[in-house]
Amino acid sequence: MRMNADFLSATVRNGIGGHLTDMSDGAIDAGVRMGHVHLKVADLERALGFYCGVLGFHLMQRFGDSAAFISAGGYHHHIGLNTWQSKGGIAPATGTTGLYHLAIVYPTRAALADALQRLMRAGVPLEGAADHGVSEALYLRDPDGNGVELYWDRPHWEWPRDARGGLAMYTRALDLRGLLEAETKEGSGAANDQAVLP
């Protein structure tokens, strides 16, 4: 449905801070999902070295030294990387707006453990590791300073709930040694050449 210009103008005028506030159309379609993230990077080779070389994404298509599209499992792209406006650039300063982090979902706990092994072998430091009740997550930075979260979701029936049945997420320290043991127990196809936690 195409919006009437007068309706749109009135809705914006009546909004708070210029944002649309008319919620009468109800919830978004439950089938809607996040598609891909497209990152501005300073050095395409360096970015590919991290996302493909360390994390293991596959290069799907490349446009010289200016852009590349990478994915897991043969999808056209989960992550786009480009230097169109950022070649040789620096990360945004603290205190500026923009991307907080991109989050990459792993299908199993063992697959997340494999990701941790990859980071350790490559010497990529973690900024944090948390158990959120609904998920277990690793936090780090890519070579351009973008925040990256690697996580797996617990089955929804295991999610913590409050007394009224509402979601009750939390943040607790993640047992990294226990996570690495999950890789050995469940197996993820990458159990060889394991790194060791300090």
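Within region 130-174, the set of residues being touching a helix residue (DSSP H, G or I) at 6+ places or on another chain (Cβ under 9 Å), part of a loop (DSSP other than H, G, I, E, B) and of a type in the set (D, E) comprises D142, D144.
If the condition is being of a type in the set (S, T, Y) and either surrounded by 13 or more Cβ atoms within 10 Å (Cβ to Cβ) or at positive phi (or both), then region 28-75 contributes Y51, S71, Y75. Of the strands (runs of 3 or more DSSP E) that lie entirely inside region 45-129, those containing 2 or more residues that are in the same structural domain as P143 (by TED's automatic domain parsing), under 14 Å from the mean Cα position of the chain (by Cα) and not charged (D, E, K, R) span 102-106.
The values are calculated or read from the model by the stated rules, or taken from the named source; none is laboratory data. Given the structure is predicted, the values throughout are model-derived calculations rather than measurements. All Cβ positions, glycine included, derive from the backbone under ideal geometry; neighbour counts span all protein chains shown.
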